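This report refers to the structure that appears directly beneath it.
We did not get these values from a lab; they are worked out from the coordinates using the rules stated. As the structure is a prediction and not an experimental result, all values here were calculated from the model. Virtual Cβ from ideal backbone geometry, glycine too; neighbours counted across all protein chains shown.
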Amino acid sequence: MGAAAGAEAAAFPWESCFMQLSGGAVAGLAVGYAAKAAMKAALLVLGSVIIFLALMAHAGFITVNWDAITLSIEEGTKMAEDLAMSTISQLSSSMIGFGAGAIGGWKLHH
């Protein structure tokens, strides 16, 4: 029984699995880092636009429909949440390294 167990253990491609896990983790790290940087840039632009609109409305140059802006932001947030949940639900067990790397990249970005 000992020889059969050893043969089964040797037949499993541990090195291949480790390399896939490592490659996925590195790719995930890059994606997580870039996604957080892109999100920060998008929020900076969005915040700047909202401040500009508020200043222009306060000065009396324009009238802003704040309800429409709020609704648009809420819809965008819902779409982003749906996309994230769809992506997460499609992750397979071979993508565990990628997911862990993406979380690490997200946490790594300051």
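A straight chain from residue 54 to residue 100 at 0.36 nm per residue would run longer than the Cα-Cα distance by 12.5 nm.
Take the Cα of residue 22, step 7 Å toward its Cβ, do the same at residue 71, and the gap between the two points is 5.4 nm.
Charges only on Cβ, +1 for Lys and Arg, -1 for Asp and Glu: so what's the dipole of the stretch 19-108 about the Cα centre, in debye to the nearest 20?
Dipole about the Cα centre, nearest 20: 380 debye.
Projecting the Cα atoms of 27, 79, 48 onto the charge dipole of the stretch 19-108, computed from C-beta unit charges around the Cα centre, puts 27 farthest toward the positive end. If you plug the beta carbon distance of residue 107 and residue 83 into 1/(1 + (r/R0)^6) with R0 = 25 Å, you get a FRET efficiency near 0.75. Counted by Cβ distance under 13 Å from residue 81, the other residues give a net charge of -2, where Lys and Arg count +1 and Asp and Glu count -1.
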